[in-house]
Amino acid sequence: MKTKLELNPWLSIWVKPRQTMQALINYDVNHRFIVLCAIFGFQYMLQVAQFLSLGRDLNLFVILLIALILCVPVGYILFNITSAFTFWVGKLIKGKASFKQVRAASCWTSVPSIVTILIWVILMFAHGGNLFIVGYEQQEMTAGSIGVNIGASILNIVLGTWMLVIYLHALGEVQKFSAWMALLNLFLSGLALFIVLFVIGWGISAVTHMA
């Protein structure tokens with residue numbers, strides 16, 4: 001382990017994911033893990049709040065407070081669960097990474113979520129608490145609000161695509177895979193997670209109906 005990080009991972013992960021992951025592994029595989037959990041968990045909780053239409057019953061301040069309180073534990077849980085599946089499936093296809101290295105690749109890939117949070121902030125200024133009500137965009141809006149929504153949608157698509165590219169190269173670096181093999185790792189782990197969640201959901205539904 002080196003005593004100094006060779007680059008600024010917050011910037012280099014955008015364009016040099018493989019070099020960034022190698023530097024982080026050499027320095028500290030847990031570097032800024034909790035901070036990254038908070039960033040990812042916060043934007044994830046905003047998505048959940050919108051999906052659940054919490055804006056119908058809660059004001060904007062309360063929604064943001066809940067997201068802030070839960071961001072670290074939610075990010076921690078999500079990173080560990082998804083990384084566990086990626087790690088286990090990766091081993092089946094000859095991946096070389098440890099669990100913490102796979103987790104580091106996952107959490108540093110979330111750095112673009114910082115921009116996603118900024119997009120949320122802009123949308124909050126444009127729509128207020130209505131942003132967290134499903135179907136808010138179908139309500140009557142000004143031309144400016146419509147323009148903000150279109151711009152946010154385009155930027156989110158670009159960011160999502162780039163995050164996938166970053167992740168495939170970051171995961172490929174720690175697993176010693178090509179980006180294509182990393183994509184296979186990602187697909188199979190996602191499939192495995194879906195199957196597990198489906199079985200759990202089916203089991204809960206069956207028990208509920210029996211009761």
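The values are calculated or read from the model by the stated rules, or taken from the named source; none is laboratory data. Just so it is clear, the model here is predicted, and its values are computed rather than measured. We place every Cβ from the backbone using ideal geometry, glycine too, and count neighbours over all the protein chains shown. Side chains are part of the model used for accessible areas, which takes the heavy atoms of the whole protein and leaves out ligands, DNA and RNA. Shrake-Rupley method; radii C 1.70, N 1.55, O 1.52, S 1.80 Å.
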Hey, any idea what % of the chain's accessible area is carbon plus sulfur with a 1.4 Å probe? 72
Estimated 222 nm signal from helices in the chain, with DSSP H stretches of n ≥ 4 weighted -39500 (n - 2.57), rounded to 500: -25500 deg cm²/dmol
Enter the accessible area per residue of the range 133-189 (Å², integer; probe 1.4 Å; all protein chains in place). 57
Treating only Lys and Arg (+1) and Asp and Glu (-1) as charged, each at its beta carbon, one finds that the chain has a dipole about its Cα centre, in Debye to the nearest 20, of 940
Taking N as its residue count, the alpha carbon Rg of the chain over 2.2 N^0.38 Å: 1.14
Can you tell me which lysines have their Cα less than 19 Å from the Cα of residue 16? Leave out same-chain residues fewer than eight positions away. 4, 176
Take the chain, mark every one of the trypsin sites (Lys or Arg not before Pro) that falls in a DSSP loop and has at most 16 other Cβ within 10 Å, then report the longest stretch left between them, sites excluded. 5-93
How far is helix 99-109 tilted off the main Cα axis of the chain, in degrees rounded to 10, range 0 to 90? 50
Could you work out which residue, out of 119, 25, 66, moves most in a Gaussian network model of the chain, that is, has the largest mean-square fluctuation with Cα springs under 10 Å? 66
The range 15-210, relative contact order in percent, only Cα pairs under 8 angstrom and at least six apart counted: 30
Treating the angle as unsigned and between 0 and 90°, give the value, to the nearest 10°, between the Cα long axis of helix 17-27 and the longest Cα principal axis of the chain. 70
Output the 0 to 90 degree angle, nearest 10, between the alpha-carbon long axis of helix 179-210 and the longest principal axis computed from the alpha carbons of the chain. 50
